[in-house]
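Coordinate-derived values only; no laboratory data. Fair warning: this is a prediction, and the values are worked out from it, not measured in the lab. Because the Cβ atoms are built from the backbone with ideal geometry, glycine has one as well, and the counts that use them run over all protein chains shown.
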Number of protein chains: 4
Amino acid sequence: MKRKINVALIGPKFMGKAHSNAIRSAAHFFELDCEPVMKTLCGVSEGLEATAKLYGWQKTERDWHKVVSDPEIDCVAICTPGNLHKVMAVETAKNGKHVICEKPLANTLEEAETMLSAVQESGVINFVNFNYRRVPAVVQAKKLIEEGRLGDIVHYRAIYQQDWAAYVTGNYVWRFDNEISGGGAIADMGSHVIDLGRFLVGEYDEAVCTHKTVIPYKINPTSGEKKSVTSDDAANFMATFKNGVSGVFQTSRVSVGKKNWLSFEVNGTKGSVVFNLERMNELEVYLSDSDEDVSGFRNVIVTQPCHNYIKNWWPTGHIIGWEHTFVHQYYEFFTAITSGVQTSPSFADGVETQRVIECLLKSDKTRQWVKI
Amino acid sequence: MKRKINVALIGPKFMGKAHSNAIRSAAHFFELDCEPVMKTLCGVSEGLEATAKLYGWQKTERDWHKVVSDPEIDCVAICTPGNLHKVMAVETAKNGKHVICEKPLANTLEEAETMLSAVQESGVINFVNFNYRRVPAVVQAKKLIEEGRLGDIVHYRAIYQQDWAAYVTGNYVWRFDNEISGGGAIADMGSHVIDLGRFLVGEYDEAVCTHKTVIPYKINPTSGEKKSVTSDDAANFMATFKNGVSGVFQTSRVSVGKKNWLSFEVNGTKGSVVFNLERMNELEVYLSDSDEDVSGFRNVIVTQPCHNYIKNWWPTGHIIGWEHTFVHQYYEFFTAITSGVQTSPSFADGVETQRVIECLLKSDKTRQWVKI
Amino acid sequence: MKRKINVALIGPKFMGKAHSNAIRSAAHFFELDCEPVMKTLCGVSEGLEATAKLYGWQKTERDWHKVVSDPEIDCVAICTPGNLHKVMAVETAKNGKHVICEKPLANTLEEAETMLSAVQESGVINFVNFNYRRVPAVVQAKKLIEEGRLGDIVHYRAIYQQDWAAYVTGNYVWRFDNEISGGGAIADMGSHVIDLGRFLVGEYDEAVCTHKTVIPYKINPTSGEKKSVTSDDAANFMATFKNGVSGVFQTSRVSVGKKNWLSFEVNGTKGSVVFNLERMNELEVYLSDSDEDVSGFRNVIVTQPCHNYIKNWWPTGHIIGWEHTFVHQYYEFFTAITSGVQTSPSFADGVETQRVIECLLKSDKTRQWVKI
Amino acid sequence: MKRKINVALIGPKFMGKAHSNAIRSAAHFFELDCEPVMKTLCGVSEGLEATAKLYGWQKTERDWHKVVSDPEIDCVAICTPGNLHKVMAVETAKNGKHVICEKPLANTLEEAETMLSAVQESGVINFVNFNYRRVPAVVQAKKLIEEGRLGDIVHYRAIYQQDWAAYVTGNYVWRFDNEISGGGAIADMGSHVIDLGRFLVGEYDEAVCTHKTVIPYKINPTSGEKKSVTSDDAANFMATFKNGVSGVFQTSRVSVGKKNWLSFEVNGTKGSVVFNLERMNELEVYLSDSDEDVSGFRNVIVTQPCHNYIKNWWPTGHIIGWEHTFVHQYYEFFTAITSGVQTSPSFADGVETQRVIECLLKSDKTRQWVKI
């Protein structure tokens, strides 16, 4: 009989829904050494009970302090806006519970470091949900890099474009408030491509950045109310990595027509890879050792048994979706809990990305390259 | 308190896994008027209990007769090879249980018609799992056609190519045995594109077909054993529809490099659509009423709230996977059960596709166009 | 001092323009053993002199009999509608002049055979302008097949879709008149993909076809005049090749949104290629001997020095256009003239494609498979 | 009888070949008010006479001073490496001859400004060959922007990647020598995307840049000789435009697998466009005023009569190649000469791009944002 792991989740919105699905599904596709139990859903909105039922949680609680101190709970998923991450994660850790936290890890580097100290002191397993590390195509890209099949890495380019914030008329959401969200184009979107840079290429050295809020306020379509947008809509930045790789980045939530275009390209001395989240089951791969007359970027449909995580899903060519990255993340999280072996992306990874974000914000102010 | 619907599933392999996931997930994403309960998994292979646990079934049973006559069971999913569909479906219907059956509905038209009679007599809800009708992009294609936005339909072309059977060396699976599977390129693969033709364009009128087994036997990689392939590897066929549309089809499981390439194109007098299952979240749409200087096929990422089924999943641009079509199918199946309103694709649809298959096989023999 | 080759061209419209450019350009990009001289442009339309000047011809002539018997002329390009090909080519050959003729070679098989006899008797170099054999990407496809890199060929699929004839309102052109053009979807468009099948795969064995005129008449946008379309708008056909390969074809000039979509796919036991004329500098290539984790269709930009014809143009990645296929054709034609070595595609190739066309037309009437 | 324009060209290599073809072809496709005559080809390499004959020039000359002072010559095309542009253009202008010069206009801003003064003083027509302004798809992008169909422009991203310099083993060419070429990733490649930014978006305001030489030397494959590369292989830069648009750029000639990947994306408040030179006949266009359920990027095949330059070439869907941009450029150049109306891109445009280049180089040294 497998050990039961009682899970609690705080923040039942979009992210909470994706986490819930992953917690519910992980054991049905991956072999776990535990049995996750969806104990408590915590939130403050109306309809929490109905949501809990829909998502498959056994009970609800409105006071998160009770949740993270509940002796019955083994681990906590934090899916709230960024301004609550620190207090929740620290208290979770102090109660000796494992923790997985949405990205970016915190709203400031200082908060992130406090969180890291807390989990280190208590020794709990800690994950930050950079879920795109769990896309099989991204793992395949990393494999090619690690095995030297792309040679020495030379360039990293990453673009993350969406358009949901591109219009003046629209509902105001917490992501527009910098105090709550901790940022937009850099923190919310940029954190993903910064983390992928660390995952694929290595540690950052220096960076320079410029960002701005393109649509300065939103007009509520029904009330006509006008409310300021204080988080950044768009950012460009450049970075160098410690290993000499040069990086260039663009993130924007006001790129009309782009829905969820997280794309990166890595060029090495022997090959290149290109990825795009909107076609996340594919990886474009160029290898310079091909016969010259058939050299070209290969469209690899990353759905074969040899590709990471895939044999647990469906036969070749039967694609997986966005939510599957969360299932993979929880498979890794639960495996870390039962094995006691902390893996990545941990709070330490969250801190490193936060360090880059902090430098980017500083660079925008000082108009200087900033050492990371 | 919602009414409980006790489900049984026969055939726990690839399809059984996909059905299980859908049954488990439907109520977590869609509002149902019932609560599906995963009662019994039925199969004959070793490890059935472990599989049942993995997939989330409460109990197991090796004798399907017991399952379909179990008073506790409300509906049965048949995921076995085609040669068992008829007996199982008929007995299920006679026991007054609702039934959803994998495609093609049967191994012969006669069997299919028997099945249809059985469900009609007992009045149970009946579905055949042409799951690609549940792809949001396919539903969008149908919407454009039904709303007249493509004008009068002129051409339908459908291609279904895979390559898993393209190599002599490989494991022998039941799909290679015509007696068990009821066919390969036409029955297994063709049934999908034939059904999509009915779904999108209308009823077939005449057809001509040629098919063959390209790789006549398989050599087991470990034992060296050689075993004949009796089902067809590849087929080409042409058809006309009753409304005058002309159709052309190619199906093959020996198209090296093609993983799950189910692609169709519909041309009308005012526009066209192109779909490809490997990029199932996208639909290419051409509308001739665009400004001339920007006329072109649009790559529609079919992941917006206005697209069918999507608002129950994730925000725009967060793609869904192959398995989601099964979740949609079960949402429709359970809805039919609770509402008592039979919807499509029903056994009647399965019969019509079987009728086309029968004519195609006949045409290959007679080398004639055959009236459908 | 190189030998001068005096060229005459009959038919100064769209095709005449493309031929003129090729004749004018060939010697500027390819090493020829002769110096082509643009002697005479022959046509019957007003403005012939202006056209001749624009295209670079030295003189004009309205009576084609004079042109093909002019002692000064060494070779003749026939760019007229199909109903004139036979008389012109036969008389050209009888006058001992080399001849290059637009495709399809003639309006009937009998005409084509007469033409072949004529050139064989006189011993002149003869070409039929299946110019898509001269696309570097198509030559690369053939190279892969000939070198066995795709294994044994299994399938050939070819689609040729345009949409210029898809609307009722539009100018009437000679291509709509079956007597003049010799046909539409099969003869005009189909001849290309039939010839590519012979070029890439081999000789045809049997075929079955259905075709139709979708838009039965045209209404002149200014006069309101209504005129019948007697040539076919769309055709579907299937064929088998003598080597056992199966083929499936669709051609249509009423496929709304498709501009010049000549696409083919060849599947072999070891690999596949896909080509599309709208992206004629690219060839998709799949080779099954790649490492499994990076197997996929490669997008080969066929613009490298190792690719046929390319080193005479521009550096890698600098694409060529549609008209370049004509330049390549004339390079081959002039080379054949100076070397005395007849190469392909000759009138003999034109006859073979005409034979297939004749059988397709017959099959449409008899509703039978027809031996070719 | 049209006025004859006697042309001379200096620099008979790759660029000289493309210019020669354009000069030879312009009058055959476009209506000119003059008759260009290919008078003199000037160069210093062996085989100049054979090259002149191949390209269609009447005579040759090894001393460029004689060419630019030849009374017979009306205009001069300068296709040499950048270090010779200034002296040649200035002397050409002083001799009252019209001039078209390859890009970048010069090796320094000072040189460029001297050149601009010279042509302004003499009043000759002057062009800098930013030929990508002449791609019909690029012109279409500009049209959409100018007509306001993309709304207010927000972002500009431009990437130019090649891989011909990515390998240590290879022939040394003058482009590797910074003294001769004036630069690599920024000057040679970057000048194109900088100019396109000015063409499409507006004047630059500030920029920050980092560049480097990735492959520091070349080893001659036959001699084994090792020679330093002094020009930059790769650059990243960011810029702001005076109208508030933010820009991000990457240029590299060491991006393995990328052949001639000049790609840009422009996002406005109402729409976006994406262009890629490897598919230069296409433009991706997104317009937010489409019906929501069919909104998506349209793949516009920019080959319709309504598209700029196209009606002079071929019917819809018959693509043009890279060299055609030069024909368009010469059509504009000759038209400017005969009309006396100076158009763009002129030396003034060349100076502006040079100003940006100079600032980028400065920024790389100072590690600061630089005002342009």
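Whole percent per 10 Å bin, from 0 to the bin with the longest distance: what is P(r) over all C-alpha pairs of the stretch C:3-131?
Whole-percent P(r) values from 0 Å outward: 14, 47, 33, 5.
Mind listing P(r) for the stretch A:279-348? All alpha-carbon pairs, 10 Å bins, whole percents.
17, 34, 29, 15, 4, 0
Here is the link list: A:Lys17/B:Lys142; C:Lys17/D:Lys142; A:Lys53/B:Lys2; C:Lys13/C:Lys53; C:Lys59/D:Lys53. Which ones come out longer than 18 Å on Cα distance?
A:Lys17/B:Lys142; C:Lys17/D:Lys142; C:Lys59/D:Lys53
Towards the positive end of the charge dipole of chain B, with charges on Cβ (+1 Lys, Arg; -1 Asp, Glu), say which of B:Leu196, B:Thr316, B:Cys42 has the farthest Cα.
B:Cys42
Using only alpha carbon pairs under 8 Å that are at least six residues apart, calculate the relative contact order of the stretch C:3-131 and give it in whole percent.
23
List the GluC sites (Glu not before Pro) within the stretch D:137-238 that DSSP assigns to loop and that have no more than 14 neighbouring Cβ atoms inside 10 Å. Intermediate results must be reported in sequence, preceding the final value.
Values: sites: D:Glu146, D:Glu147, D:Glu179, D:Glu203, D:Glu206, D:Glu225; in loops: D:Glu147, D:Glu203, D:Glu225.
Those that pass, being in a loop and sparsely packed, are D:Glu147, D:Glu203, D:Glu225.
List the residues whose amide H sits under 5 Å from the amide H of B:Glu35, counting only those 5 or more places along or on another chain, with H placed 1.01 Å from N in the peptide plane.
Amide H to amide H, under 5 Å and 5 or more residues apart or across chains, B:Glu35 pairs with B:Arg3, B:Lys4, B:Ile5.
Please give the calculated 222 nm ellipticity per residue for chain A, where each DSSP H segment of at least 4 residues contributes -39500 (n - 2.57) and the sum is spread over every residue; nearest 500 deg cm²/dmol?
Mean residue ellipticity, 222 nm, calculated: -9500 deg cm²/dmol.
So what is the relative contact order of chain B, in percent, for Cα pairs below 8 Å that sit 6 or more residues apart?
20
When Rg is the radius of gyration of the Cα atoms in the stretch B:313-365 and Rh is its Kirkwood radius, what does Rg/Rh come to?
1.19
Taking beta carbons within 10 Å but only from partner chains, what does the mean come to for residues B:44-55?
1
Under 19 Å Cα-Cα from A:Lys94, which lysines qualify once same-chain neighbours fewer than 8 residues away are excluded?
A:Lys66, A:Lys86
Mind checking which lysines have their Cα closer than 17 Å to the Cα of C:Lys242? Skip sequence neighbours fewer than 8 apart in that chain.
Hits, sequence-local ones excluded: B:Lys212, C:Lys371.
What helices does chain B have that are whole DSSP H segments, at least 18 Å long along their own axis by Cα, and with mean Kyte-Doolittle hydropathy of 1.6 or more? Before the final figure, lay out each step's value.
Working: long enough: B:14-29 (22 Å, -0.07); B:109-122 (20 Å, -0.18); B:324-339 (22 Å, 0.00); B:347-366 (28 Å, -0.24).
TM-like helix candidates: nothing returned.
Measuring nothing but label to label, 7 Å from Cα along Cα→Cβ, what are B:Ile219's distances to the other copies in nm, shortest first?
4.3, 6.6, 7.4
Enumerate by residue number the trypsin sites (Lys or Arg not before Pro) in the stretch D:166-222 meeting two conditions: DSSP loop (anything except H, G, I, E, B), and at most 14 other Cβ atoms within 10 Å of the site's Cβ.
none
Taking Rh as the Kirkwood radius computed over C-alpha pairs, what is the Stokes-Einstein D of the protein assembly as shown at 20 °C in a medium of viscosity 1.002 mPa s, expressed in µm² per second?
62
Please compute the alpha carbon radius of gyration of chain A, then divide it by the globular-protein estimate 2.2 N^0.38 Å. Two decimals is fine. Let's see the in-between values first.
On the way: Rg = 20.7 Å, N = 372, 2.2 N^0.38 = 20.9 Å.
So the Cα radius of gyration is 0.99 times the expected 2.2 N^0.38 Å.
Which value in nm describes the separation of the simple spin-label points at D:Ser117 and A:Ser45, placed 7 Å from the Cα toward the beta carbon?
6.8
Run the dipole for chain A about the Cα centre, Lys and Arg Cβ at +1, Asp and Glu Cβ at -1, nothing else charged, and hand back the magnitude in debye, nearest 20.
Numbers: 40 positive and 44 negative charges, 136 e Å.
Here the size comes out at about 660 debye.
Which trypsin sites (Lys or Arg not before Pro) in the stretch B:61-104 pass both tests, a DSSP loop state and at most 13 other beta-carbon atoms within 10 Å?
Counting only loop positions with at most 13 other Cβ atoms within 10 Å, the trypsin sites (Lys or Arg not before Pro) in the stretch B:61-104 are B:Arg62.
With each label point set 7 Å from Cα along the Cα-Cβ vector, what nm distance links B:Ser69 and A:Thr169?
6.5
Mind listing the phi-derived Karplus ³J(HN,Hα) values for the stretch D:72-78, rounded to whole Hz, using 6.51, -1.76 and 1.60 with θ = phi - 60°, and x for any glycine or proline?
Each residue of the stretch D:72-78 in turn: 5, 7, 9, 8, 10, 9, 9 Hz.
Where a Cα-Cα gap under 19 Å defines reach, which aspartates and glutamates qualify for A:Lys4, not counting those fewer than 8 residues away within the same chain?
Filter leaves A:Glu31, A:Asp33, A:Glu35, A:Asp70, A:Glu72, A:Asp74, A:Glu332.
Between copies, how close do the D:Glu46 label points come, placed 7 Å along Cα→Cβ, listed in nm from shortest?
List, nearest first: 5.8, 7.7, 8.9 nm.
Take the Cα pairs of the stretch B:135-256, get the Kirkwood Rh, then feed it into Stokes-Einstein at 20 °C and 1.002 mPa s and tell me D in µm²/s.
The Stokes-Einstein estimate is 136 µm²/s.
If one computes the Cα centroid of the stretch D:240-256 and of the stretch B:56-96, what distance in Å separates the two points?
63
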